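Report on the structure given below.
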Amino acid sequence: QVQLVESGGGLVQAGGSLRLSCAPSRNILSFNAMAWYRQAPGKQRVLVAHITRGGSTTYADSVRGRFTISRDNAKNTVFLQMNSLQPEDTAVYYCWTAIGGTDYWGQGTQVTVSS
């Protein structure tokens, strides 16, 4: 069993920044990859950013160049730095990982961007 504890969401004006954090209950190096997803009201959950154990990253087209996913192995934490936030970024953001064929999700953190 893996717990993922997220923090850092909140309310911000358009153009602002937020940094989300995700701390797993196991050593971060246990996982082949970690990621951030988001789910806006009435929409499906979609991938935002993904990082492998080796540090390779991928991004959704809608956030590339504005968001940065990173990991700090010493702090056992994955971050999502979100800059130039827009109202369409408003969603619940979820941290994800998988191990042994089982997906694990955080509880979600709300990000609201006002225009």
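The values are calculated or read from the model by the stated rules, or taken from the named source; none is laboratory data. Only a predicted model underlies this, so the values are computations on that prediction, with no experimental measurement involved. Reconstructed Cβ throughout: ideal geometry from the backbone, glycine too, with neighbour counts over all protein chains shown. Just the protein is used for accessible areas: all its heavy atoms, side chains included, with ligands, DNA and RNA removed. Shrake-Rupley method; radii C 1.70, N 1.55, O 1.52, S 1.80 Å.
Listed values, structure above:
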item	result
Filter result (modelled with pLDDT of 95 or more and either of a type outside the set (Asp, Glu) or more than 13 Å from Arg66 (Cα to Cα) (or both)) within segment 89-101	Thr90, Ala91, Val92, Tyr93, Tyr94, Cys95, Trp96, Thr97, Ala98
All positions within segment 81-101 that are closer than 19 Å to Asn27 by Cβ, open to solvent by less than 60 Å² (accessible area, probe 1.4 Å) and more than 11 Å from the chain's Cα centre (by Cα)	Ala98, Ile99
Every residue from segment 4-16 that is open to solvent by less than 60 Å² (accessible area, probe 1.4 Å) and within 12 Å of Thr90 (Cα to Cα)	Gly9, Gly10, Val12, Ala14
Members of segment 18-46 that are of a type in the set (A, V, I, L, M, F, W, C) and under 14 Å from Val78 (Cβ atoms)	Leu20, Cys22, Ala23, Ile28, Leu29, Phe31, Ala33, Met34, Ala35, Trp36
Unique match (being surrounded by 14 or more Cβ atoms within 10 Å (Cβ to Cβ), over 13 Å from the mean Cα position of the chain (by Cα) and of a type outside the set (Lys, Arg)) among Phe67, Phe31	Phe31
Residue that is most open to solvent (accessible area, probe 1.4 Å), among those in segment 43-60 that are in a loop (DSSP other than H, G, I, E, B), small (Gly, Ala, Ser) and at pLDDT 95 or above	Ser56
Failed item in (1) in a strand (DSSP E or B); (2) in contact with a Ser or Thr (Cβ under 9 Å, 6 or more places away or on another chain); (3) open to solvent by 20 Å² or more (accessible area, probe 1.4 Å), with Val111 passing the rest	(3)
Among the residues listed as Arg26, Arg19, Arg38, the single one being crowded, with 17+ Cβ neighbours inside 10 Å and among the basic types (Lys, Arg)	Arg38
